[in-house]
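Colleague: Here it is, the structure in full.
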């Protein structure tokens, strides 16, 4: 079983989606029972990796009855999960999707606090021997140390497991220093390192200690850097749709590549990552990708050495 | 224990309330964990009756994890409940309350279908010997017969229990024919009987078989009719606030009076009902009343014989 893609979602959520004909502020709306899915960036990574045919293990915290619904939904979705119970109640996000234009109005709960004991319990049950890679994504719940992802990366390394960490700000630099493969986007990169090009930023992260850095660059494509070089993949045809979850599709591809080899063929990985991100934009729900579009685009992506 | 006020809420809900600074359509809002309460008109009746010092038994259907939360919240609120399990998932209502003006934007789920077997199970566990009165309020879930309340009223009578039924439309006339004490408002009354005065409507319902009719008449107060006569109570001082739940406060007072005697002193009941309704408007949440205001207003209400 070695080779599982472990996906870490420290701030798991139940995503609740209501459809309305038209959202009227101050109005009263009749709605059907909502669509409910486990959510959080790490769950999107797990879903995309599973869709691409990889074995995944979803890791995170769950609490209360909302946590039970999250666990059930992961099970129903066919995602194997190893969830650490917490005293607090798992958070929800509520999205009201307007029938007129498909726009979503979103309400995000902050999430329950995670105690030191619960964080220790999470580490204690980590099945390192079964993991090929550990992919960590998304916000941290209250109570956890700011360097929680870096801590996971160090522990992963100790067990000869490489980690892929999608994060912004100071945590991005900390993850690089801990030797992880780091994932981020242009805006978060500049938030962490100041004004600079995505190429320069990716190289700085590798210089700081990252095994590799893969940075999405919006309409300009995607950049990867490692000790072997740096590359830019150009975007596929202009895609319209829901960009939420596109970065998570990239993380899923990167994690799957790293599970196979700590120094994968980055130009090939970038081709798959760009195709998967674009294929995620085509679907209305984060965590889903259009597999047919992915397969069509993957060979077409152009990668340049920088 | 005879003398319990049984409150029937056939379409129980979990009322979920989120506070936002300002609701922006298409926007993303950070919110705290929501306030969650058991809801539905019958639950409001139970809360008000309990606040006024009466023993209540909340009756209804619950299903799924949302149903568990409803049952827990009733328990935490100190309301004894006898809940019939159903296969479907208990519905939720979601209210987004705007910090700017306090206005609520509301999303109401229709609720799960109740099967014939579940409806029979509801009847089978009805503790008639312990009930002083049965108060039925609010919408019917899908699956139940349109005359469900009239059926309950007939069964109640068979066990020498009087029922108070707050309903509109055809079901109002059916409840009157079944001999219940009927509760409604002016708009629902006219929907059932056509254009006529509230006094005339109340008298028609008694002529149709109702033990009594108590109709709220908005800013014009409240009217009661029985075989002993008809009365109008004038409203107290103009009250600003949240009118949701004011009618349920009236039903709670009427149910408590009827539990004591099938032909209570209606002018006295009307004084309490008007005071309780106004005291409900003062509180932001349906099901709560301002007990001090209730006690202050009750002796001040003016009742006229019609």
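Read-outs: derived from the displayed coordinates by stated rules, not from any lab. What you see is a predicted model; the values in this text were computed from it and never measured. With ideal geometry, Cβ positions are generated from the backbone for all residues, glycine too; neighbour counts draw on all protein chains shown.
Colleague: Using C-alpha positions alone, give me the convex hull volume of the range B:1-67 per residue in cubic angstrom.
Modeller: That works out to 137 Å³ per residue.
Colleague: Then there is this: Shape of the range A:110-156 from its Cα gyration tensor (a ≥ b ≥ c, root eigenvalues): rounded if a/c is under 1.5, otherwise prolate when a/b > b/c, or oblate?
Modeller: Prolate shape, in that a/c is at least 1.5 and a/b is the bigger ratio.
Colleague: May I ask for the distance between the Cα centers of the range A:233-300 and the range A:62-139, given as a whole number of Å?
Modeller: 23 Å
Colleague: Another question about this same structure. Quick one: Kirkwood hydrodynamic radius for the range A:157-306, alpha-carbon pairs, angstrom, one decimal?
Modeller: 15.0 Å
Colleague: Could you pull the Rg and Dmax for the range A:59-132, using just the Cα atoms, both in Å?
Modeller: Final numbers for Rg and Dmax: 15.5, 50 Å.
Colleague: Run through the DSSP bridge list for the range B:1-139 and note the antiparallel percent, rounded to the nearest 5.
Modeller: 30 percent
Colleague: Separate question: How would you classify the range A:107-225 from its alpha-carbon gyration tensor, with a ≥ b ≥ c the square roots of the eigenvalues: rounded for a/c under 1.5, else prolate if a/b is greater than b/c, otherwise oblate?
Modeller: It is oblate, given that a/c is not under 1.5 and a/b is not larger than b/c.
Colleague: Could I ask something else about it? Please tell me the relative contact order of the range A:118-272 in percent, rounded to the nearest whole number, where contacts are Cα pairs under 8 Å and at least six residues apart.
Modeller: The value is 18 percent.
Colleague: Over what distance in Å are the Cα centres of the range A:1-54 and the range A:189-228 separated?
Modeller: 28 Å
Colleague: Here's something else I'd like to know. When chain B is treated as a GNM, springs tying every alpha-carbon pair under 10 Å, which of B:82, B:152, B:35 comes out with the largest mean-square fluctuation?
Modeller: Residue with maximal mean-square fluctuation among B:82, B:152, B:35: B:35.
Colleague: Would you list A:134, A:196, B:79 from fewest to most Cβ contacts within 10 Å?
Modeller: The most exposed by this proxy come first: A:196, B:79, A:134.
Colleague: Picking from A:246, A:219, A:150, which is most flexible by a Gaussian network model of chain A using Cα springs under 10 Å?
Modeller: A:219
Colleague: A further question follows. Over chain A, what relative contact order in percent results from Cα pairs under 8 Å that are six or more residues apart?
Modeller: Contact order relative to length: 16 percent.
Colleague: Let me ask you something else. Test of understanding: ordering A:272, A:139, B:261 by Cβ neighbours within 10 Å, fewest first, what list do you get?
Modeller: B:261, A:139, A:272
Colleague: Follow-up question, since we're still on this one. Kirkwood hydrodynamic radius, the range B:48-180, all distinct C-alpha pairs: what's the number in Å?
Modeller: 16.4 Å
Colleague: Consider all pairwise Cα distances in the range A:119-185 and report the whole-number % of them above 18 Å.
Modeller: Everything past 18 Å amounts to 30 percent.
Colleague: For label points placed 7 Å from Cα toward Cβ, what is the shortest-first list of nm distances from residue A:19 to its copies?
Modeller: Sorted ascending, the copy-to-copy spacings read 3.4 nm.
Colleague: Across every pair of different alpha-carbon atoms, what Kirkwood hydrodynamic radius in Å does the range B:37-83 reach?
Modeller: Hydrodynamic radius (Kirkwood, Cα only) of the range B:37-83 equals 10.6 Å.
Colleague: What's the average, rounded to a whole number, of partner chain beta-carbon atoms within 10 Å of each residue's beta-carbon in A:105-113?
Modeller: Going residue by residue through A:105-113 and averaging, the value is 5.
Colleague: What nm distances, shortest first, do you get from the label point of residue A:220 to those in the other copies when the point sits 7 angstrom along Cα to Cβ?
Modeller: 7.1
Colleague: Something else: So what is the calculated 222 nm ellipticity per residue for chain A, using -39500 (n - 2.57) for each DSSP H run with n of 4 or more, over all residues, to the nearest 500 deg cm²/dmol?
Modeller: The helix contribution divided over chain A gives -11000 deg cm²/dmol.
Colleague: Starting from the alpha-carbon convex hull of the protein assembly as shown, give the projected area averaged over all orientations, in nm².
Modeller: 30.0 nm²
Colleague: Ordered shortest first, which distances in nm separate the 7 Å Cα→C-beta label point of residue A:35 from those of the other copies?
Modeller: List, nearest first: 3.1 nm.
Colleague: Right, something else. Counting only DSSP beta bridges with both residues in the protein assembly as shown, tell me the antiparallel percent, nearest 5.
Modeller: Just about 35 percent of them are antiparallel.
Colleague: Another question about this same structure. Between A:100, A:181, A:154, where does the largest GNM mean-square fluctuation fall for chain A, given springs only between Cα atoms within less than 10 Å?
Modeller: Answer for the Gaussian network model of chain A: A:100.
Colleague: Smallest Cβ-to-axis distance in chain A, for the rotation taking A to B: which residue, how many Å?
Modeller: In residue-and-Å form, the answer is A:65, 2.
Colleague: What ratio of Cα Rg to 2.2 N^0.38 Å holds for the range B:221-290?
Modeller: 1.10
Colleague: Still on this structure, please answer the following. Using a ≥ b ≥ c from the Cα gyration tensor of chain A (square roots of the eigenvalues), is it rounded, prolate or oblate, where a/c under 1.5 gives rounded and otherwise the larger of a/b and b/c decides, a/b for prolate?
Modeller: Since a/c reaches 1.5 but b/c is at least a/b, the shape of chain A is classed as oblate.
Colleague: Give me the percent of DSSP beta bridges within the range A:163-306 that run antiparallel, rounded to the nearest 5.
Modeller: Taking every DSSP beta bridge with both residues in the range A:163-306, the antiparallel ones total about 60 percent.
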